[in-house]
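Reading through the structure tokens given below for one structure.
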Amino acid sequence: MYHTDSKREMYKQFIRILWPIMITQVLLYSMNLIDTMMSGRAGVEDLAGVAIGSSFWAPVSTGINGILLAVTAIIAQLLGAGQKDAVRHNVQQAIYIAAALTVLILLLGIFFLDNLLNVMGLENSVHHIAYHYLVGLATGILPLFMFSVLRNFIDAQGFTRISLYVITTSLPLNIFFNYTLIFGNFGFPELGGIGAGYATAITYWLMFLLISLMVLRVAPLKEFYIFRGWSRPLLRTLRHHLAVGVPIGVLIFVETSIFSMMTLLVGVMFTTNVIAANQVVLNFTTMLFMLPLSISMAMTIVIGFSAGGGRHEDARRYKMMGIISSLGLVGIASIFLYFFREPISYLYTDDPEVVAVTMPLFLFAIIYQFSDALQATFQGILRGYKDVVLPSVIAIVSYWFIGMVSGYVLASRTELGVYGFWIGISIGLTSAAIGFYIRLKYIEHKNMFKVPQSAQ
């Protein structure tokens, strides 16, 4: 990362940071995609069970990883202000937070998971698969959160290709473990969709070990001595991380939780075939969302670095790069989805009844992609400014009180059925994008008169 007055150099730096993040996010989410696709090949019940399990896990994991995203914003601003000596301490404190959050999630799962699944009134086979899929996945929670801390530390410096190398190495192993545990190959038991949870957990452990090795061995990273001279948990630093991270986590949680709530309501209101079809559409469109999400993450890095150095005009230029890139990529992805929605459906299942529901669902899902891209990009920019509290309020109101409520009304009170949920989500995401944009304009105006950290 470096400051420059050249627009050409800024664009090159943005692209250099963005493309490894983008490929990394796509590959990282591919683990969930592969879990769902391979489980679908084991049977419709396995597909539905993994869908329900994923609907519980997705908001929790993304919410916690959102809290840990504070590392990216904090380290980027420290480096932008030339305060390298404070980096190791902040990363170590984030590791403490990751460990504490792991314990919290495991305790909540032990006491509440089975009861939550009982509320849904699922078929016994689907309930069994969903529960034990999550039990298997739980064995990999700790390494996943530790991986996130180290990844955010590395990405904040602009070394986004390192995370790419780790994920590229891990993904084939995830496919192999899925193949062995779902279908019972090479002498392993045939676990069906449950095996996908254990396969992903094993992969999380390998990812953590690989990225730890990078932190210890790669020259620009090992100079921070992250695993040496451990400082005790310091309340002041922990509070700062949580003050930045918790609102980010809440914001991301309330966004992903509307999709999970939609899945749960679909599970209560509709048949197993509709549950499976809804999960196919949600699973694949979430993969497409990795494109604007990657731009959002890159925005946090470049905006944080620019804001930390007091270069607010640079931050505005990066903002426009992010918005144009996000809308352009989503436009291309939506065209692809429109023309190939049928073969994509058959990648998940051979059941023609499921595919018949999936096809029109994809059309409704295309609508929300553009609003989702904009609101994600604005989120990343606001994170770079470490402005996270009010955006969380905007998100709660937009996603839940506007999006989820309108979606439920359309799904339950009109003939739209399951399609009503997707229309409601589109309304909520559009509202969020408008709210974030208004907040961003205010932050940009305020920061034009702010003293740079490097001068304080």
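Computed quantities for the displayed model
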item: Accessible area of region 1-135 belonging to carbon and sulfur atoms, whole % at 1.4 Å probe; result: 63 percent
item: Degrees separating the helix 272-308 axis from the principal Cα axis of the chain, which is the longest one; result: 0 degrees
item: Percent of alpha-carbon pairs separated by more than 12 Å within region 311-350; result: 67 percent
item: By accessible area with a 1.4 Å probe, ligands and nucleic acids excluded, highest first: order of Ser125, Ser55; result: Ser125, Ser55
item: Fraction of the pair-distance distribution of region 1-83 above 18 Å, Cα-Cα pairs, percent; result: 64 percent
item: Leading residue at positive end of dipole, region 1-80 (Cβ point charges), from Ile67, Gln77, Ile23; result: Gln77
item: Debye, to nearest 20: dipole size of region 41-171, +1 on Lys, Arg Cβ, -1 on Asp, Glu Cβ; result: 520 debye
item: With 10 Å bins from 0: P(r) over region 47-99, alpha-carbon pairs, percent; result: 22, 36, 22, 14, 6, 0
item: Normalised convex hull volume, region 171-328, alpha-carbon set, Å³ per residue; result: 213 Å³
item: Unit charges at the beta carbon, dipole of the chain: most positive-side option, His132, Pro172, Leu390; result: Leu390
item: Charge dipole (debye, nearest 20) of the chain; +1 at Cβ of Lys and Arg, -1 at Cβ of Asp and Glu; result: 2160 debye
item: For the chain, the longest site-free run once trypsin sites (Lys or Arg not before Pro) in DSSP loop states with at most 14 other Cβ atoms within 10 Å are removed; result: 1-227
item: Under-19-angstrom lysine pairs by C-alpha in the chain, whenever the two are 8 or more apart or on separate chains; result: 12
item: Region 105-213 - accessible surface per residue (Å², probe 1.4 Å); result: 43 Å²
item: Estimated dipole of region 106-243 in Debye, rounded to 20 [Cβ of Lys and Arg +1, of Asp and Glu -1, Cα centre]; result: 820 debye
item: Where the Cα pairs of region 223-301 fall when distances are cut into 10 Å bins, in %; result: 14, 28, 26, 19, 10, 2
item: The chain: calculated mean residue ellipticity at 222 nm from DSSP helix runs of at least 4, using -39500 (n - 2.57); result: -29000 deg cm²/dmol
item: The chain: mean projected area of Cα convex hull, nm²; result: 20.8 nm²
item: Dipole-positive endmost among Val274, Met320, Ala356 within the chain (Cβ charges, Cα centre); result: Met320
item: Nearest-ten-degree value, helix 312-348 long axis tilted from longest Cα axis of the chain; result: 20 degrees
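The values are calculated or read from the model by the stated rules, or taken from the named source; none is laboratory data. Model, not experiment: these values are computed from the prediction. Every residue, glycine among them, receives a Cβ derived from its backbone with ideal geometry; neighbour counts consider all protein chains shown. The accessibility values were calculated without ligands, DNA or RNA, using every heavy atom of the protein model including side chains. Shrake-Rupley method; radii C 1.70, N 1.55, O 1.52, S 1.80 Å.
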